[in-house]
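Derivation of every value follows stated rules applied to the coordinates shown; laboratory data play no part. Being a predicted model, the structure only gives us computed values, none of them experimental. Ideal geometry is used to build each Cβ from the backbone, glycine not excepted, and the neighbour counts take in all protein chains shown.
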Ligand code: IFM
């Protein structure tokens, strides 16, 4: 997958959906009723940057729709912040609902399909005061929010995404297995509520990552990698297929309404985790070197691993698949072009080998607030965080060309990465 000048012409299936993804907390700004906003104020030491106005997209959403159109996207994935819809317990904000309905209308007018995520890190602070997703007794609040918002969006949504990245949800002080089980239960509830109002397909975006042993010939590393893979990936696939939630060292639980509660696999893919039984932290060993850094600091997504994407997709042959996130953060936009070529060729290979992949949403439309910091820039579009000016990067134009021809070939590689043969990106 690295010898890109020798790629054959790659074509995606007819009707393949191309687009990009964002999340409200990361782009809108002023998510003041969310738990994240409160955490930022209460524990500033954990947050090098405050999310503040982020990309100011709550105010600039109309421009963002025009931008999507200019860049040729067929689809846009965005999230509804529960924190704006129900800022105080039981008080639903009609103004916020009207805002998202208007966003949907504009997207429809622009011919852009809608992937709407119901929960992507904007839980209201009041909900966590009642225990949040860590408490089974509090989950009915989420259900009530879903019951409220779904009928309002049903006329517009083309695809539903329930809860983002259940499999890596953590919160200080919470047992992560219990938390993830509770999220799964909420996903199942949301699935069945949506089904009552909409015939459109439903998925739950999964943070898929390859877990590889540092030394594949060392039994302890392999065993450890297999266990980590279960916790990260296997648990989620098994739970959605069967309704059974199995985490090592805990009692398994069966939730009938969870079984088969999805219409497509929604896959977010970035990187791999290399695990070693010999190191103290044991996973997430960063595979970087000084000459290969995407950004000038350690970041967990520093390794490109298209083979891992191909392998993950091979596990998902039972339903259609959408890539609901994929991308990288970098200062040098050429990395993004490289990532697109590599991961899209892995996706094309997976399609050839029998995986029914229907679409690809790039993370992200624009540079945004990466949960604690503005430094990791994931955007196809550069954002000036002082003026909020949006400027498409070369990779945004590359992506538009890929969309227009529903694929790419070596000519596009040469056009966007002419220096590739001499590139030092892969040198140690
Ligand atoms: O920015 C996040 C997004 O919110 C969830 N998936 C991973 C992205 C990059 O870290």
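Here are some notes:
- Projected-area average for region 150-223 over all orientations - Cα convex hull basis, square nanometres: 7.2 nm²
- The calculated FRET efficiency for residue 178 paired with residue 382, based on their beta-carbon distance and R0 = 41 Å, is about 0.55.
- Considering only 411, 229, 356, the mean-square fluctuation computed in a Gaussian network model of the chain, springs between alpha carbons under 10 angstrom, is largest for 411.
- Net lengthening on full extension, residue 46/residue 401 (0.36 nm per residue, minus Cα-Cα): 123.8 nm
- Rotationally averaged projected area of the chain (alpha carbon convex hull; nm²): 20.0 nm²
- The modelled label-to-label distance between residue 242 and residue 227, using points 7 Å beyond Cα along the C-beta direction, is 2.0 nm.
- Each label point was placed 7 Å from the Cα along the Cα-to-Cβ direction; for residue 101 and residue 419 their separation is 5.2 nm.
- Where the Cα pairs of region 16-121 fall when distances are cut into 10 Å bins, in %: 14, 44, 29, 11, 1
- With semi-axes defined as the square roots of five times the eigenvalues of the C-alpha gyration tensor, the equivalent ellipsoid of region 222-277 measures 23, 17, 6 Å, largest first.
- Distance between region 181-256 and region 1-51 - C-alpha centres, whole angstrom: 22 Å
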